[in-house]
């Protein structure tokens, strides 16, 4: 035994070959947490003193090779000063450099995911052998940072500047053959042959058959490209990367490129210092705080879903009532995850539409070579279209997705309840109607919940699971389990008009309507909010949702929250709807829609819209600067989010933020509305509320914000 720790061991195998194995006790995966970094440095010291080691392989005893750094430690680490973060990173790199400099060859045996620090661990080895089941990558930019354990230095020297920039900027993991083609690994083998292949490579190094010293040397010296070749590589990469990621919204790729440009002509140790300085700079950006927080929130939401699911009934078959686009999307989602589902409608043409939607989505997967035609056929066979209830007796859960009308839903739910087994769960895909109200006609209201999918179902990750007054924990648990089984992220919320996401969204539309009333240009508002980070501005969004849907939802919300969601004027959205402008549904809304070369709707500003809006605009028109537009729309949005926390509609800021990001596209780099308030500072946010309180209740600070500001609290821990 060369070294023994509870994260890392180094043992001798045969012929002077050592095995450094990562196997973190009581952890599901290996990761570079503080203790692992400490033990790694100790193991390197032990190897430096060992005189009988001729070569070494790096292995993992877990299914994942090394998942990367421990992100839970980032929150505290990133609160340090920039110089302290740089010092920490340089200290960790010292062990990596010393490991690389050991006087014998090293081969990484990559059995599973080698991500971030795991990939960087493989790069300090001279050779890398990859299982055909593994993936490898540097995903740090997705957290608002970039590789800090030598990843930008070694990758540029191993796979070239252009390939390294693409790998780092996109954060996309590579499968074995792609990694081999890049030169990121030296061989791929079947999983069962991995360790033998790694040992064989080490033996070839020891015998002199392979020049391992040359492989190491290329990582210690500057990149071997002249200045013109370097300029060409950087310029082409910048064009491609910045076209996909706005540097002002996502600065990490730009900061990574900046660091690499500075260090490609430096030897390793000096290059590592440049990387560490750039890493520290990225770590101190608000985007890093938001994206790290987003990752942790995602983990928490999924953990809560598992906790909720513990009381779930087994789900072997589901059913959806109502075909069409939404029903077809739900059926597709279930079938694509292996769950048989019945799709029931009263009209055969609706069933055809639903099956057509599922076929279209699966067909696109076949076109992209993500599914074989045979697999498509197998998936479609899991959907059983029917015009009657004959097969419903054994169904475990029924999702009602009929028209958004309480009378129709009451009739359908009451009918189906009498046809399913007593413990079957009924779930309504309503977007606004009270679950408690819908349950009034049921004999077993305890078995009834809300299950709100977002459109389009196959793309939107969120499902709101709504607890009515009489919903049982078993019903909630089973619905959460179903959402997870369908590949969605469930967030459990309590019942109220609009639930969580739509309750928050409608004050945002209300703020937009008020801006238009006072003279704002809807095209300008859209551009401002898209620049802020939304995937589409409010005018474009309501066109996609449908102005008819928006008007109906606004009526429900006005009835539920008249103090802040019932305007005393007719807004632009309602006026356009009354003039038969429904948005993309009929080709005209705020914008008119033309078909582009790919057959997709393309929005064009419409003069007719401006004519129609003259009747809803004040005579004394105002012009608004960008920040005023942002402040007014985001205050209404964020205030309602906080009120949902006050009213216990949603339990935690983490769930609220994730719901807004997954449900309506809140800018991820801003972390969600609660994170946005934290980063603005509660005192500053409160002052903004007071500035605009004269506009109405929607802009007034909720009491929770006042109390938190007075107590010096934040939504997320500051240390």
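The values are calculated or read from the model by the stated rules, or taken from the named source; none is laboratory data. Computed from a prediction, not measured in an experiment: that's the story for all the values here. Cβ coordinates were reconstructed from backbone atoms using ideal geometry, including for glycine residues, and neighbour counts include every protein chain displayed.
Scanning the range 20-42 for residues that are in a strand (DSSP E or B) and either in contact (Cβ under 8 Å) with a residue 60 or more places away in the chain or crowded, with 21+ Cβ neighbours inside 10 Å (or both) yields 20, 22, 32.
Considering (1) part of a loop (DSSP other than H, G, I, E, B); (2) over 32 Å from the mean Cα position of the chain (by Cα); (3) in contact (Cβ under 8 Å) with a residue 40 or more places away in the chain, the lone condition that residue 534 does not fulfil carries the number (2). If a residue has to be within 30 Å of the chain's Cα centre (by Cα) and surrounded by 20 or more Cβ atoms within 10 Å (Cβ to Cβ) to count, how many in the range 343-358 make the cut? Summing the residues that are within 30 Å of the chain's Cα centre (by Cα) and surrounded by 20 or more Cβ atoms within 10 Å (Cβ to Cβ) in the range 343-358 gives 4.
Inspection of the range 104-112 finds a residue satisfying the criterion of being over 21 Å from residue 147 (Cβ atoms), out of contact with any helix residue (DSSP H, G or I) (no Cβ under 6 Å at 6 or more places or on another chain) and in a loop (DSSP other than H, G, I, E, B).
Tell me which residues, restricted to the range 103-123, are surrounded by fewer than 24 Cβ atoms within 10 Å (Cβ to Cβ), closer than 16 Å to residue 43 by Cα and in contact (Cβ under 8 Å) with a residue 12 or more places away in the chain. Answer for the range 103-123, where residues must be surrounded by fewer than 24 Cβ atoms within 10 Å (Cβ to Cβ), closer than 16 Å to residue 43 by Cα and in contact (Cβ under 8 Å) with a residue 12 or more places away in the chain: just 104. Only a single criterion out of (1) at pLDDT below 90; (2) out of contact with any helix residue (DSSP H, G or I) (no Cβ under 9 Å at 6 or more places or on another chain); (3) over 18 Å from residue 164 (Cβ atoms) is not satisfied by residue 239, namely (3).
Residues that are in contact with a helix residue (DSSP H, G or I) (Cβ under 7 Å, 6 or more places away or on another chain), outside any loop (DSSP other than H, G, I, E, B), surrounded by fewer than 21 Cβ atoms within 10 Å (Cβ to Cβ) and in contact (Cβ under 8 Å) with a residue 40 or more places away in the chain occur in the range 459-474; there is at least one. Among the residues making up the range 635-657, those that are farther than 23 Å from residue 461 by Cα and in a helix (DSSP H, G or I) are 635, 636, 639, 643, 646.
Okay, residues lined up against (1) farther than 16 Å from residue 260 by Cα; (2) modelled with pLDDT under 95:
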| residue | (1), (2) |
| --- | --- |
| 170 | no, yes |
| 187 | yes, no |
| 191 | yes, no |
| 202 | yes, no |
| 207 | yes, no |
| 210 | yes, no |
| 215 | yes, no |
| 220 | no, no |
| 224 | no, yes |
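Among the residues in the range 204-212, are any in contact (Cβ under 8 Å) with a residue 12 or more places away in the chain, within 30 Å of residue 669 (Cβ to Cβ) and not in a helix (DSSP H, G or I)? No; the residues of the range 204-212 include none that is in contact (Cβ under 8 Å) with a residue 12 or more places away in the chain, within 30 Å of residue 669 (Cβ to Cβ) and not in a helix (DSSP H, G or I). Among the residues making up the range 175-194, a single one is surrounded by fewer than 20 Cβ atoms within 10 Å (Cβ to Cβ), touching a residue at least 60 places away in the same chain (Cβ under 8 Å) and in a helix (DSSP H, G or I): 191.
For the range 594-617, what are the residues that are modelled with pLDDT under 90 and in a loop (DSSP other than H, G, I, E, B)? Within the range 594-617, 596, 597, 598, 599, 600 meet the criteria.
I'd like the full set of residues that are closer than 10 Å to residue 161 by Cβ and surrounded by fewer than 21 Cβ atoms within 10 Å (Cβ to Cβ), limited to the range 242-261.
The answer is 261, and nothing else.
When you check residue 234 against the structure, is it surrounded by fewer than 20 Cβ atoms within 10 Å (Cβ to Cβ), touching a residue at least 60 places away in the same chain (Cβ under 8 Å) and within 25 Å of the chain's Cα centre (by Cα), yes or no? Spelling it out, it is not the case that residue 234 is surrounded by fewer than 20 Cβ atoms within 10 Å (Cβ to Cβ), touching a residue at least 60 places away in the same chain (Cβ under 8 Å) and within 25 Å of the chain's Cα centre (by Cα).
Rundown of residues vs (1) within 20 Å of the chain's Cα centre (by Cα); (2) crowded, with 23+ Cβ neighbours inside 10 Å, yes/no style:
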residue	(1), (2)
630	no, no
635	no, yes
642	no, yes
645	no, no
654	yes, yes
665	yes, no
674	yes, yes
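Number of residues in the range 658-677 that are more than 17 Å from residue 491 (Cα to Cα), assigned to a helix (DSSP H, G or I) and touching a residue at least 40 places away in the same chain (Cβ under 8 Å) equals 5. Would a scan of the range 357-375 turn up a residue that is within 25 Å of residue 419 (Cα to Cα), in contact with a helix residue (DSSP H, G or I) (Cβ under 6 Å, 6 or more places away or on another chain) and assigned to a helix (DSSP H, G or I)? Within the range 357-375 (the criterion being within 25 Å of residue 419 (Cα to Cα), in contact with a helix residue (DSSP H, G or I) (Cβ under 6 Å, 6 or more places away or on another chain) and assigned to a helix (DSSP H, G or I)), the answer is no, since none of the residues qualifies.
Just to be sure, is residue 172 surrounded by fewer than 16 Cβ atoms within 10 Å (Cβ to Cβ), in contact (Cβ under 8 Å) with a residue 24 or more places away in the chain and not in a helix (DSSP H, G or I)? Let's see the steps before the verdict.
Working: surrounded by fewer than 16 Cβ atoms within 10 Å (Cβ to Cβ): yes; in contact (Cβ under 8 Å) with a residue 24 or more places away in the chain: yes; not in a helix (DSSP H, G or I): yes.
When the stated conditions are applied, residue 172 passes them.
Here's the yes/no breakdown for (1) free of Cβ contacts under 8 Å to residues at least 60 places away in the same chain; (2) out of contact with any helix residue (DSSP H, G or I) (no Cβ under 9 Å at 6 or more places or on another chain); (3) at negative phi:
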residue: 582; (1), (2), (3): yes, no, yes
residue: 586; (1), (2), (3): yes, yes, yes
residue: 589; (1), (2), (3): yes, no, yes
residue: 612; (1), (2), (3): yes, no, yes
residue: 616; (1), (2), (3): no, no, yes
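Considering only the range 359-402, state which residues are surrounded by fewer than 17 Cβ atoms within 10 Å (Cβ to Cβ), more than 18 Å from residue 486 (Cβ to Cβ), touching a strand residue (DSSP E or B) at 6+ places or on another chain (Cβ under 8 Å) and modelled with pLDDT of 90 or more. Listed by number, the residues that qualify are 386, 387, 388. When only residues in the range 270-287 that are out of contact with any helix residue (DSSP H, G or I) (no Cβ under 6 Å at 6 or more places or on another chain) and farther than 14 Å from residue 258 by Cβ count, which is surrounded by the most Cβ atoms within 10 Å (Cβ to Cβ)? Checking each candidate, the answer is 273. Residues of the range 587-609 being out of contact with any strand residue (DSSP E or B) (no Cβ under 9 Å at 6 or more places or on another chain) and surrounded by fewer than 18 Cβ atoms within 10 Å (Cβ to Cβ), which ones? 597, 598, 599, 600, 607, listed by residue number.
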